[in-house]
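Shown next, in structure tokens, is the structure this report addresses.
The values are calculated or read from the model by the stated rules, or taken from the named source; none is laboratory data. Just so you know, these numbers come straight off a predicted model, no measurement behind them. No Cβ is skipped: glycine too gets one built from the backbone with ideal geometry, and neighbour counts run over all protein chains shown.
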Ligand code: CA
């Protein structure tokens, strides 16, 4: 049975969110999502998700991350004939070139750069390309794994020393990155994967405004319990609750039905050569061969030769169509990179739930103590429901309610902050 139209679009569910945070005047992060426009495109290119975190004086950081978010997806999709890993590398290199050129042309933008992490979901697996310290994680069942390697001084030193106990000298900021798009004329791009997909795999792309404030075990817990839209909001809220010192950007993408796209691949890829040549060309080949045969049998040599010539031309067109049809069958996936680079076990026990509950109740107390105008009724109802769920042993449901309470309170507190200019920070 043929899959229904659009299954290749709906096999992934995603949410994206970018937030200026609480301390910065501008948002220098950018994000992009580009879904394949057709089934054939999906098999050749997949769906693309990107997060970029710009750096530079004044508006330069914003511009650098925006150029990356505009350039990389378009360049990647523009080359359907090129195997996905190579196209992804070339797209990131093109992004680097454009940012670097722009920085050279205008002194205001000199030295600007941006991190960029890209996730491509293909039937063959999840392909990752990245530069800098924006991260891509994958939650699969009970483990959260970081698929990207941070191009930061800390990570590079620890990798060189083969020890996690090494720290950079005090005069080097912890978030100092060793590679970015646009800073130099050339850039080294890291590729990872493709990691074969499983239903339920949940990917998170994020800038360091998130990963600097929210621990891996908290990320794992949130991704495991709530849908992508609520998870994206809860992650941003938690980072803001911890002070929101930096811009925060997240994309959460969950694979619903991996088997469906994997099973659909061989026929849709045009696995047979016959399927990759259009029908009018086959008709032209057949008709000219037939005509040629009949003509020679009827001793019409001139007509026979002309028809044979037409058959050769039609066969040449068929060959050209096979060569340029960009069949993913020509792409032989091989393992790239050394990821996953970290692995954190998902735990939803009393310790973890108590920690989340403590965070939420502390926020509620702060709001009450500082006389913020907040709809406590709804928040308290959510907390009461959480208590019932917890008593019944539903850890995921409990955490889901804590996340909803957090997002409910933060939404109102931030609105108030805009109204009266007060900061939603916790009491010490
Ligand atoms: Ca940042």
#### Entry: The lone exception for residue 42 - which of (1) part of a helix (DSSP H, G or I); (2) surrounded by fewer than 18 Cβ atoms within 10 Å (Cβ to Cβ) it fails
(2)
### Task
Read through the list (1) away from the ligand (no atom under 16 Å from the Cβ); (2) under 15 Å from the mean Cα position of the chain (by Cα); (3) part of a helix (DSSP H, G or I), then give the number of the only condition that residue 48 fails.
(3)
#### Entry: Of residues in the range 21-45 being touching a strand residue (DSSP E or B) at 6+ places or on another chain (Cβ under 9 Å) and within 16 Å of the ligand (Cβ to nearest atom), the one nearest to residue 77 (Cα to Cα)
31
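Please work out if residue 95 is part of a helix (DSSP H, G or I) and farther than 25 Å from residue 344 by Cα. Don't jump to the end; show me each part of the working.
Values: part of a helix (DSSP H, G or I): yes; farther than 25 Å from residue 344 by Cα: yes.
Yes, satisfied.
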### Task
Kindly provide the set of residues from the range 75-90 that are more than 12 Å from residue 48 (Cα to Cα) and in contact with a strand residue (DSSP E or B) (Cβ under 8 Å, 6 or more places away or on another chain), ordered by number.
85, 89
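Residue 72 - would you say it is touching a strand residue (DSSP E or B) at 6+ places or on another chain (Cβ under 8 Å) and under 30 Å from residue 396 (Cα atoms)? Outline the logic, then answer.
On the way: touching a strand residue (DSSP E or B) at 6+ places or on another chain (Cβ under 8 Å): yes; under 30 Å from residue 396 (Cα atoms): no.
Here the answer is no, as residue 72 does not meet what is asked.
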### Message
at pLDDT 95 or above, within 16 Å of the ligand (Cβ to nearest atom) and in contact with a strand residue (DSSP E or B) (Cβ under 8 Å, 6 or more places away or on another chain): is that true of residue 151 in this structure?
### Response
yes
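Take the conditions more than 16 Å from the ligand (Cβ to nearest atom), in contact with a helix residue (DSSP H, G or I) (Cβ under 8 Å, 6 or more places away or on another chain) and in contact (Cβ under 8 Å) with a residue 60 or more places away in the chain and apply them to residue 239. Does it pass?
Working: more than 16 Å from the ligand (Cβ to nearest atom): no; in contact with a helix residue (DSSP H, G or I) (Cβ under 8 Å, 6 or more places away or on another chain): yes; in contact (Cβ under 8 Å) with a residue 60 or more places away in the chain: yes.
Against the criterion (more than 16 Å from the ligand (Cβ to nearest atom), in contact with a helix residue (DSSP H, G or I) (Cβ under 8 Å, 6 or more places away or on another chain) and in contact (Cβ under 8 Å) with a residue 60 or more places away in the chain), residue 239 does not qualify.
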### Query
Hey, any hits in the range 55-76 for a residue that's within 16 Å of the ligand (Cβ to nearest atom) and assigned to a strand (DSSP E or B)?
yes
### Message
Which count do you get for residues in the range 184-228 that are within 16 Å of the ligand (Cβ to nearest atom) and either buried (at least 20 other Cβ atoms within 10 Å of the Cβ) or assigned to a strand (DSSP E or B) (or both)?
### Response
10
## Note on the structure
Within the range 78-90, of all residues that are free of Cβ contacts under 8 Å to residues at least 24 places away in the same chain and assigned to a helix (DSSP H, G or I), the one nearest to residue 127 (Cα to Cα) is 86
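Name the single residue that is nearest to the ligand (Cβ to nearest atom) among those in the range 98-119 being in a helix (DSSP H, G or I) and closer than 21 Å to residue 29 by Cβ. Break it down into steps so the answer makes sense when it comes.
Residues of the range 98-119 in a helix (DSSP H, G or I): 98-105, 107-109.
Next cut, closer than 21 Å to residue 29 by Cβ only: 98-100, 102-103, 108-109.
Details: 98: 21, 99: 16, 100: 20, 102: 20, 103: 19, 108: 20, 109: 18 Å.
Once the filter is applied, the top-ranked residue is 99.
Does the range 158-172 include one or more residues that are part of a helix (DSSP H, G or I), within 27 Å of residue 250 (Cβ to Cβ) and away from the ligand (no atom under 16 Å from the Cβ)? First the steps, then the outcome.
Just the residues of the range 158-172 that are part of a helix (DSSP H, G or I), to begin with: 158-161.
Cutting the leftovers down to within 27 Å of residue 250 (Cβ to Cβ) gives us 158-159.
Now restrict to residues that are away from the ligand (no atom under 16 Å from the Cβ): 158-159.
Scanning the range 158-172, I find at least one residue that is part of a helix (DSSP H, G or I), within 27 Å of residue 250 (Cβ to Cβ) and away from the ligand (no atom under 16 Å from the Cβ), so the answer is yes.
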### Message
Please verify whether residue 344 is assigned to a strand (DSSP E or B) and within 31 Å of the chain's Cα centre (by Cα), treating the condition exactly as stated.
### Response
yes
### Task
Would you point out which residue out of 393, 358 is assigned to a loop (DSSP other than H, G, I, E, B), over 25 Å from the mean Cα position of the chain (by Cα) and exposed (fewer than 12 other Cβ atoms within 10 Å of the Cβ)?
393
